[in-house]
Every structure is written in C-alpha cells, then in structure tokens.
1. With all protein chains present, how much of the accessible area of the range A:66-166 (probe radius 1.4 Å) comes from carbon and sulfur, to the nearest whole percent?
2. List the trypsin sites (Lys or Arg not before Pro) within the range A:127-156 that fall in a DSSP loop (any state other than H, G, I, E or B) and whose Cβ has at most 16 other Cβ atoms within 10 Å.
3. For A:Val55 and A:Leu164, compute 0.36 nm times the residue count separating them, minus their Cα-Cα distance, and round to one decimal in nm.
4. Where in the range B:40-103 are there GluC sites (Glu not before Pro) that are in a DSSP coil and have at most 13 other Cβ atoms within 10 angstrom of their Cβ?
5. With every protein chain kept in place and ligands, DNA and RNA left out, what is the accessible area per residue of the range B:64-125? Probe 1.4 Å, answer in Å².
6. Note the buried accessible area between B and A here, summed over both chains, with a 1.4 Å probe, in Å² to the nearest 100.
7. A:Glu30 label points, 7 Å along Cα→Cβ, one per copy: pairwise distances from this copy to the rest in nm, shortest first?
8. Please give the FRET efficiency for B:Met96 paired with B:Glu119, using the beta carbon to beta carbon distance and R0 = 41 Å, rounded to the nearest 0.05.
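The values are calculated or read from the model by the stated rules, or taken from the named source; none is laboratory data. These numbers come from a predicted model, not from an experiment. Cβ placement follows ideal geometry from the backbone for every residue including glycine, while neighbour counts extend to all protein chains displayed. Side chains are part of the model used for accessible areas, which takes the heavy atoms of the whole protein and leaves out ligands, DNA and RNA. Shrake-Rupley method; radii C 1.70, N 1.55, O 1.52, S 1.80 Å.
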2 protein chains.
Amino acid sequence: MLSHIDAKPKVGYFLGTAAHDVHAPSKLIESMKVKDVMGIPFLLRETVTVSDAVVALFLENVGSLMIVNQEGVLAGVVSRKDLLKVTLGHATATAMPVSLVMTRQPNIITVKPEDSVLEAARKMIHHEVDSLPVVKAIEGREGLEVVGRITKTTMTKLLLDVALGK
Amino acid sequence: MLSHIDAKPKVGYFLGTAAHDVHAPSKLIESMKVKDVMGIPFLLRETVTVSDAVVALFLENVGSLMIVNQEGVLAGVVSRKDLLKVTLGHATATAMPVSLVMTRQPNIITVKPEDSVLEAARKMIHHEVDSLPVVKAIEGREGLEVVGRITKTTMTKLLLDVALGK
C-alpha cells in the first residue's frame with residue numbers, strides 16, 4: 001500500500017525560514033503566496049481501500065489525503081471525518097475503495113500556488129475544511145495536478161511567525 | 001445522548017468583533033489572551049459510548065470533544081483521530097465507553113483563559129494537536145473545569161483578522 005504514496009520532497013514549509021524576510025509582519029502576510037508556505041501533498045490512488053487510507057493518515061499524521069487517478073490527476077480528497085463516518089459500526093467498510101467515500105471533483109475546494117495565503121485562509125474558514133490541495137492545470141489535458149497542501153496548521157505557524165518577526 | 005452535551009453559550013468567538021480594536025495588528029496578537037478568542041467547549045460525560053461521541057462530533061461539527069466526570073471535572077479529550085483508530089474494523093467498538101479511547105489527564109494539553117493566544121498556538125504546534133481545552137482550577141477541589149476551547153480554526157481566523165485590521 002505504501003507504494004501508492006507519492007511525496008514531493010522539494011515542496012516544503014519551514015518555520016522561520018520563509019522565502020521573505022520577516023520585518024513588516026502584517027504587510028508580509030498580505031503579500032505571501034500559497035507557494036511560499038505550502039507543504040508536501042500526500043497522494044493515494046483511487047483504487048486503494050478505506051483501510052489503506054486510514055493507515056496512511058496515521059502513518060503520515062495528516063488530517064486528509066489527496067486521491068489521484070491513474071494519470072495522476074486529482075480525483076478526490078478524503079478526510080478523517082469522511083473515514084470516521086464510514087467506519088463507524090461497519091466493519092466491512094474497510095475493504096471499500098476510498099473513491100466511494102471521498103469528496104469528488106468538482107466539489108473539491110482548491111487553491112493555486114500563486115493565490116495569496118489569505119485567500120487560502122478565507123476558503124478554509126468559509127468552506128469549513130482543515131486543508132486545501134494546491135493545484136495546477138495540466139498542459140494539454142483535462143484535470144488538475146496536485147503540487148502542494150495548505151492547512152490550518154500552516155496558518156497557525158504563520159500567526160506565530162508574524163508575532164516572532166516583529 | 002444529546003442531554004449529555006453541555007454548551008456554554010456565553011463564551012464565543014466572533015470574527016471582527018474581538019474585544020480589542022484592530023489597529024496595530026501584530027502588537028494586537030501579542031497582547032491577545034485566550035479568553036478573548038476562545039469558543040464554546042463541547043462536553044460529554046465519560047460514561048457515553050464511542051458511538052455517542054462520533055455522533056456528537058458530527059452534530060457539533062467539531063474535531064474534538066472534552067470529556068468530564070460526574071462532578072464536571074475534565075477527565076479527557078477525544079478527537080476524530082482517537083475515534084477513527086478504534087472504529088476501523090471493530091464494529092463492536094461503538095458500544096465501548098469513550099473513556100477507554102480518550103486521552104486522559106495528566107496527558108491533556110491545556111491553556112488558561114489568561115494565557116496569551118501565541119502560547120496556545122505554540123502548544124498546538126509543539127504537541128501536534130488541533131485544539132486545546134481552556135481550563136480553570138476549581139476552588140477547594142482537585143481537578144480542572146473546562147471553560148472554553150481554542151483551535152487551529154481560531155488561529156486561522158485571527159490571521160485573517162490581523163490582515164483585515166491593517
């Protein structure tokens with residue numbers, strides 16, 4: 001199952017070593033882009049089971065996973081909440097494909113690398129989700145490629161950065 | 001089961017109507033206290049079942065619940081993650097008391113109403129939890145009373161406040 005997890009190690013967020021110098025904190029927040037702070041996306045194929053997805057969530061210690069199809073195109077997002085809903089009292093649910101419980105396109109809330117961090121924060125609050133996939137259009141093809149992940153944890157770290165950078 | 005949920009409606013967080021005026025954003029963050037931004041805690045008795053806890057999580061749309069004993073003293077915290085671990089493939093787990101799966105005192109990370117918001121943010125990042133119970137000592141007795149709840153959602157809203165208040 002683990003072979004299904006693709007990580008993109010060159011996309012990372014490190015507290016205190018952001019791309020910008022932190023001198024004018026609130027100005028900084030406004031000019032920061034998603035690509036400056038996004039983290040590594042955790043990707044699973046849509047053919048894995050609910051059980052595989054739960055194990056991956058625990059192994060990676062994340063709140064949600066991005067589900068991609070055979071071509072690597074974003075197909076869905078699955079959260080602890082989605083999985084909890086289906087595992088409660090259904091022992092057999094664990095063998096179900098994750099694609100049956102995930103949130104599917106076009107219902108996935110996404111951001112682009114060039115979007116502002118504040119736009120991402122606004123989307124998470126408005127749509128009541130804890131993380132967003134960061135996506136890019138794929139040249140010459142339909143669909144979106146997942147290039148990162150931004151979460152309320154990212155925002156909490158940023159808030160600390162803002163205060164420390166004063 | 002719902003009769004077990006006690007909400008404290010007078011403790012609330014409202015975006016844009018914080019106790020302070022938002023004129024000097026980053027100065028503001030440093031001076032803000034947990035009690036200025038904390039939300040309503042959702043409390044369940046430790047005798048409820050795992051199934052009750054999952055239903056309460058969905059009804060209240062929260063990521064974690066505070067568990068209290070008969071005297072209303074904080075006994076534990078239970079998160080989506082704790083519940084997911086126990087519901088996966090164990091149909092009978094739903095009838096288990098929530099006290100078997102919760103994180104117990106003295107392992108619960110807490111903050112006090114007078115603590116700074118930044119201290120709360122730091123604790124959530126350091127201990128890798130998404131929310132913290134806000135607690136007070138109970139006069140003349142052992143244990144802690146839960147008076148609020150602060151989460152990474154609170155922090156994400158604060159980040160937006162900081163930028164909007166510029």
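1. 49 percent
2. A:Arg141
3. Answer, rounded to one decimal: 35.7 nm.
4. B:Glu71
5. Normalised by residue count, the accessible surface of the range B:64-125 is 42 Å².
6. In total, this chain pair buries about 3900 Å².
7. Here the equivalent label points are 2.1 nm apart from this one.
8. So, using R0 = 41 Å, E works out to roughly 0.75.
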